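Since the structure comes first, as structure tokens, the remarks are kept for the end.
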Amino acid sequence: TAQSVSGPITVYGGNINLNASLTATGVTLASSGTVSNGASGFVSANELLLQGGNVTLSHASNAVATLAASGVGNLSLSNSGALTVGTVDTTQGLAATGTVSLSTVTGNLTIAQGITTSLTNSATALTLNAGASSAVGTITGGNIIISGSPIVTVGSGSTARLFSGGVSGSTGLSTLAGLGLGSGRFRYKSDESSTGYTQALQSGLN
């Protein structure tokens, strides 16, 4: 059944499956197995902390303001609105060993703390997608915003794909390490399902 808690809540378990809405000011999901959602399961919280497990939270109604994660394997999160990767409790940013995919249906994706996956030799090691519902070539709907000096890295030989609305609105993105204009790491009129370029992506950030 749906749960609404006035304060923060922590859920511990091997496998954690959300089959109804979970609403609280802060939610911590600490798993040694998998974290997933059913057809009616989603999280609504000012802060979401993920500790361990392979995480798939794909519900279109997820409404998280700030995300942090540590010790996770694979992580896939779709958020209905703007999302910040920041600090929750003492956990700063996001650290994973597997594939990481973060998206907003609409709204900005702000990176205020580091994101790292140690996964090596993967073409899809890291995907950051702001405004995923926008059509290819649309510069509104959501941008990737870099706040401060976070470090975004993937394992050796792996590729990171950062989908943003437009260069001018994506504050700090073009100065992120290795992504300067003229670096050969920019592609245009493309998204997660449509490739509008012929030059292959390089390992590292694109």
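A few remarks follow.
- Restricting 107, 93 to those that are open to solvent by less than 10 Å² (accessible area, probe 1.4 Å) and on the phi > 0 side of the Ramachandran plot reduces the list to 93.
- Residue match in the stretch 180-197 (condition: open to solvent by less than 20 Å² (accessible area, probe 1.4 Å) and at pLDDT below 95): no
- Single unsatisfied condition, residue 137 versus (1) surrounded by fewer than 16 Cβ atoms within 10 Å (Cβ to Cβ); (2) modelled with pLDDT of 75 or more: (2)
- Consider the stretch 153-177 and keep the residues that are open to solvent by less than 50 Å² (accessible area, probe 1.4 Å), in a loop (DSSP other than H, G, I, E, B) and within 21 Å of residue 195 (Cβ to Cβ). The one that is modelled with the lowest pLDDT is 166.
- Unique match (being assigned to a strand (DSSP E or B), more than 14 Å from residue 28 (Cα to Cα) and within 11 Å of the chain's Cα centre (by Cα)) among 128, 67: 128
- If the condition is being in contact (Cβ under 8 Å) with a residue 40 or more places away in the chain and within 15 Å of the chain's Cα centre (by Cα), then the stretch 21-49 contributes 47, 48, 49.
- Subset of the stretch 15-41 that is part of a strand (DSSP E or B), touching a Phe, Trp or Tyr at 6+ places or on another chain (Cβ under 9 Å) and among the aliphatic types (A, V, I, L, M) - its residue that is nearest to residue 57 (Cα to Cα): 18
- Test: residue in the stretch 65-75 that is touching a residue at least 40 places away in the same chain (Cβ under 8 Å), out of contact with any helix residue (DSSP H, G or I) (no Cβ under 6 Å at 6 or more places or on another chain) and open to solvent by less than 40 Å² (accessible area, probe 1.4 Å): yes
The values are calculated or read from the model by the stated rules, or taken from the named source; none is laboratory data. Values in this document were obtained by computation on a predicted structure and should not be read as measured data. Backbone-built Cβ (ideal geometry, glycine too); neighbour counts: all protein chains shown. Protein only, heavy atoms only, side chains kept; ligands, DNA and RNA dropped before computing areas. Shrake-Rupley method; radii C 1.70, N 1.55, O 1.52, S 1.80 Å.
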